[in-house]
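Here the structure is laid out as structure tokens; the discussion comes afterwards.
The values are calculated or read from the model by the stated rules, or taken from the named source; none is laboratory data. No experiment lies behind these values; they were computed from the predicted model shown. Ideal geometry is used to build each Cβ from the backbone, glycine not excepted, and the neighbour counts take in all protein chains shown. Side chains included, ligands, DNA and RNA excluded: accessible areas come from the protein's heavy atoms. Shrake-Rupley method; radii C 1.70, N 1.55, O 1.52, S 1.80 Å.
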Amino acid sequence: MNPVSPVYGGRMIDVSSIYLWTWDARPYPVFPAAEDQWSDGPNWRTGHWLTGRLGATTLDTLVAMILTDAGFTDFDTSDLRDICEGYVVDRPMSPRAMIDPLALAYAFDASAIAGKLTFTHRGRLPSLTLDENDLVEQPRSALAKLTRTQETELPREVSFGFTDLARDYRRAVVRSRRLAGNSKRLLHEDFAIVTESASAERRAEICLQDLWAGRERAEFAIGARHAAVTPGDVVELTLGGRRRFFEIDEIVDTDSRAVKARSIDPEVFSLALKPQDPVTPSLPAALGPAAIEVMSLPDLGIGEPVLTHLALFAQPWPGSLTIWRAIGDASFAPLATAAAPSVIGAALDPLCAGPTSRWDKANAFRVRLHGGILSSVSDAALLDGANAAAVRHASGVWEVLQFANAVLEGPQTYRLSRLLRGQLGSEYALATDVPAGAPFVLLDSHVVPVARGVSAVERSMQLRVVASGRAHDDPSRVEIAITAANTALRPLAPVHAAARRHGDGVHLTWIRRTRRDGDGWAGEVPLREISESYAVDVLDGASLKRRIVTSEPHAIYSTADELSDFGSAQTSLHVRIAQISGEVGDGFPLDTNLTV
């Protein structure tokens, strides 16, 4: 209410000076429903926030709009004060068919008074006090007639169907039930109203209590001096020493005013609004960009050789990540999917070079994982391939190592020891140390291959990584450019090189290795190359003196060539021996000094 002052003739509040002064960027209805995210959510109901309220309308405005759209002009809806969050009119219908459900739900009446359609809320305070002395006797009738509806004709339960604003506009039902009484009747109404469950439940309780409070009906007559009384007014009537409140339904004017009314309890309509039931909103995944490690690893021996692996991690994990590859200049197509996150972390300590082909018991280092766990394994399991990981050296080259012991020392922090270094022929990486902060990746089935085979060597690819189900240009995407290296296709460095001088020169021998299936003990390991070929470089410091190409793991550095290169017979030779691939050229070399 905004009354007019008798002093200065103006309204208590100058409506023209009201301004909307607050704004909150938090999304409604997630705020205020997500109280686990925002502790001030309970304050919203009685607070000053505009979010969630600007879309609602006042009941007087809604009813006035319905009447105006239907061509009515002479009406008064100013007494309607409730808020209506939403109302659905889904088909052509009369204005009365639109308004009647609102009148039942929000407890208001319409009366034709002096030619004007007037809407008033029910449950107003009495406007007139009457007793037997104020009533007018009528022929062949008692001074007042009271009737009482049987209890069995009243509903025991009232239920309202509505659209729940707080639960993604799903249909819902609220109920109000009397715990005492013999009635078994049920009353159900489906409303096209959009509101919250607490408000709908209050409406159902008001309706049920009002039906029971209005079980008595009264018929009496009053004099013409009470001409101001109109339908919808509440009168206080005392009969036989008992005071009752009656709401006037009908007035018939003759020599007197014949009144029909129903009993009413005004306090029913001031029922307090209960706190809204907690609603746990369905929060969208707070997805951020994924952490990605691009790895060029030796041949892991599974399927066609993989040139580039991706290790992907995101917190929270979105269910899966899709890797998109650019096709042409603009379009992208899915390339692969990561169904689970990789175990990725970072080294907390530097890792120095160590022995290969035997246990490294001296070195140990700590890693902190972004997520996932590590565990210790037996030596037998380790030699069967367990606990393989990749660490990136200062040179940018990845080493494959294995660890038998993983001891948890802190949150997501493990100390790794009893190592096998330079696995799968990656001993070439040990030329530099692993610095603190270097990436660490557990090589399990969650690592995703993205480039395979000879045809992909040195080809550049533009990739985008984003949560599955989202477009490749989603703001959370990570875009990377990779060029597939030939690491997985290069032959491994030979081992056990030796040099012996004979009459025709220095005879050089070595043992070749294979990129896969090299763990068998029966016979020679498979070649896995188009043909067998080797290059032997004889060096003087960093200077190349001579290259010898041979098709078997044996070469002769002739005496004439030695004298031409050095001028005299050498007691030791610096040689670099590499197996040659017919697809990618020289493999990883064995660089060593041999005593002749």
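Looking only at the range 495-539, which residues are modelled with pLDDT of 95 or more and under 53 Å from the mean Cα position of the chain (by Cα)?
Selection gives nothing.
Just a yes or no: is a residue in the range 87-105 open to solvent by less than 30 Å² (accessible area, probe 1.4 Å), touching a Lys or Arg at 6+ places or on another chain (Cβ under 7 Å) and either touching a residue at least 12 places away in the same chain (Cβ under 8 Å) or farther than 30 Å from residue 253 by Cα (or both)?
Residues of the range 87-105 that are open to solvent by less than 30 Å² (accessible area, probe 1.4 Å), as a first pass: 99, 102-103, 105.
Filter once more, so that each one left must be touching a Lys or Arg at 6+ places or on another chain (Cβ under 7 Å): 105.
Going one step further and asking which of them are either touching a residue at least 12 places away in the same chain (Cβ under 8 Å) or farther than 30 Å from residue 253 by Cα (or both), we end up with 105.
Yes, some residue in the range 87-105 is open to solvent by less than 30 Å² (accessible area, probe 1.4 Å), touching a Lys or Arg at 6+ places or on another chain (Cβ under 7 Å) and either touching a residue at least 12 places away in the same chain (Cβ under 8 Å) or farther than 30 Å from residue 253 by Cα (or both).
If you scan the range 279-318, which residues turn out to be in contact with a helix residue (DSSP H, G or I) (Cβ under 8 Å, 6 or more places away or on another chain) and within 28 Å of residue 30 (Cβ to Cβ)?
Listed by number, the residues that qualify are 279, 280, 281, 283.
Would you mind telling me which numbered condition in (1) in a strand (DSSP E or B); (2) open to solvent by less than 70 Å² (accessible area, probe 1.4 Å) residue 368 fails?
It fails just one condition, (2).
Residue-by-condition table, conditions (1) in contact with a Phe, Trp or Tyr (Cβ under 9 Å, 6 or more places away or on another chain); (2) modelled with pLDDT of 90 or more; (3) open to solvent by less than 70 Å² (accessible area, probe 1.4 Å):
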site	(1), (2), (3)
165	no, no, yes
168	no, no, no
171	yes, yes, no
174	yes, yes, yes
188	yes, yes, no
200	yes, yes, yes
205	no, yes, yes
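Pull out all pairs, ordered by first then second residue, where Cβ-Cβ is under 6 Å, the residues are six or more apart or on different chains, the first lies in the range 573-596 and is within 17 Å of residue 500 (Cα to Cα), and the second is assigned to a strand (DSSP E or B) and among the acidic types (Asp, Glu).
What qualifies is 576/537; 576/591.
State which residue is surrounded by the most Cβ atoms within 10 Å (Cβ to Cβ) when the search covers only the range 252-275 and only residues that are hydrophobic (A, V, I, L, M, F, W, C) and either under 48 Å from the mean Cα position of the chain (by Cα) or in a loop (DSSP other than H, G, I, E, B) (or both). Let's see the steps before the verdict.
Filtering the range 252-275 for residues hydrophobic (A, V, I, L, M, F, W, C) gives 252, 258-259, 261, 264, 268-269, 271-273.
Still in the list and also either under 48 Å from the mean Cα position of the chain (by Cα) or in a loop (DSSP other than H, G, I, E, B) (or both): 264, 268-269, 271-273.
Numbers: 264: 23, 268: 20, 269: 16, 271: 15, 272: 6, 273: 11.
Out of the qualifying residues, it is 264.
Condition first: of a type in the set (Ser, Thr, Tyr) and in contact with a strand residue (DSSP E or B) (Cβ under 8 Å, 6 or more places away or on another chain). Now tell me which residues in the range 303-338 satisfy that. Working first, answer last.
Filtering the range 303-338 down to residues of a type in the set (Ser, Thr, Tyr) leaves 308, 320, 322, 331, 337.
Across the range 303-338, the qualifying residues are 308, 320, 322, 337.
Filter the range 278-324 down to the residues that are in a strand (DSSP E or B), in contact with a Ser or Thr (Cβ under 7 Å, 6 or more places away or on another chain) and either without any contact (Cβ under 8 Å) to a residue 24 or more places away in the chain or open to solvent by 40 Å² or more (accessible area, probe 1.4 Å) (or both) and list them by number.
Of everything in the range 278-324, just one residue is in a strand (DSSP E or B), in contact with a Ser or Thr (Cβ under 7 Å, 6 or more places away or on another chain) and either without any contact (Cβ under 8 Å) to a residue 24 or more places away in the chain or open to solvent by 40 Å² or more (accessible area, probe 1.4 Å) (or both), namely 294.
Only residues that are free of Cβ contacts under 8 Å to residues at least 24 places away in the same chain and under 13 Å from residue 538 (Cβ atoms): list them for the range 561-572, please. First the steps, then the outcome.
Going through the range 561-572, the residues free of Cβ contacts under 8 Å to residues at least 24 places away in the same chain turn out to be 563-564, 567-568.
Scanning the range 561-572 gives 563, 564.
Within the group 154, 117, which residue is in contact with a Leu (Cβ under 7 Å, 6 or more places away or on another chain) and either of a type outside the set (Ser, Thr, Tyr) or over 25 Å from residue 57 (Cβ atoms) (or both)? Steps first, please.
Numbers: 117 fails: in contact with a Leu (Cβ under 7 Å, 6 or more places away or on another chain).
154 is the lone residue from the list that is in contact with a Leu (Cβ under 7 Å, 6 or more places away or on another chain) and either of a type outside the set (Ser, Thr, Tyr) or over 25 Å from residue 57 (Cβ atoms) (or both).
Identify all residues within the range 451-473 that are closer than 19 Å to residue 584 by Cα, open to solvent by less than 10 Å² (accessible area, probe 1.4 Å) and of a type in the set (A, V, I, L, M, F, W, C); write none if there are none. Spell out the reasoning first.
As a first pass, look at the range 451-473 and keep what is closer than 19 Å to residue 584 by Cα: 451-460.
Narrowing further to those that are open to solvent by less than 10 Å² (accessible area, probe 1.4 Å): 451, 453.
Selection gives 451 alone.
Quick one: count up the residues across the range 527-553 that are closer than 16 Å to residue 594 by Cβ and touching a Gly at 6+ places or on another chain (Cβ under 8 Å).
The number of residues fulfilling the criteria is 0.
If you check 40, 60, 14, 36, which single one turns out to be open to solvent by less than 80 Å² (accessible area, probe 1.4 Å), more than 21 Å from residue 121 (Cβ to Cβ) and among the acidic types (Asp, Glu)?
Details: 60 fails: more than 21 Å from residue 121 (Cβ to Cβ); 14 fails: open to solvent by less than 80 Å² (accessible area, probe 1.4 Å); 36 fails: open to solvent by less than 80 Å² (accessible area, probe 1.4 Å).
Of the residues listed, the single one that is open to solvent by less than 80 Å² (accessible area, probe 1.4 Å), more than 21 Å from residue 121 (Cβ to Cβ) and among the acidic types (Asp, Glu) is 40.
Just one of 535, 542 is within 30 Å of residue 456 (Cα to Cα) and hydrophobic (A, V, I, L, M, F, W, C); which is it?
Of 535, 542, the one residue that is within 30 Å of residue 456 (Cα to Cα) and hydrophobic (A, V, I, L, M, F, W, C) is 535.
Being within 30 Å of residue 286 (Cα to Cα) and either out of contact with any Asp or Glu (no Cβ under 8 Å at 6 or more places or on another chain) or modelled with pLDDT under 90 (or both) narrows it down to one of 53, 81, so name that one. Explain how you work it out, then say what you get.
Values: 81 fails: within 30 Å of residue 286 (Cα to Cα).
Going through 53, 81 in turn, just one is within 30 Å of residue 286 (Cα to Cα) and either out of contact with any Asp or Glu (no Cβ under 8 Å at 6 or more places or on another chain) or modelled with pLDDT under 90 (or both): 53.
For residue 561, only one of the following conditions fails: (1) open to solvent by less than 30 Å² (accessible area, probe 1.4 Å); (2) assigned to a helix (DSSP H, G or I); (3) not small (Gly, Ala, Ser). What is its number?
(1)
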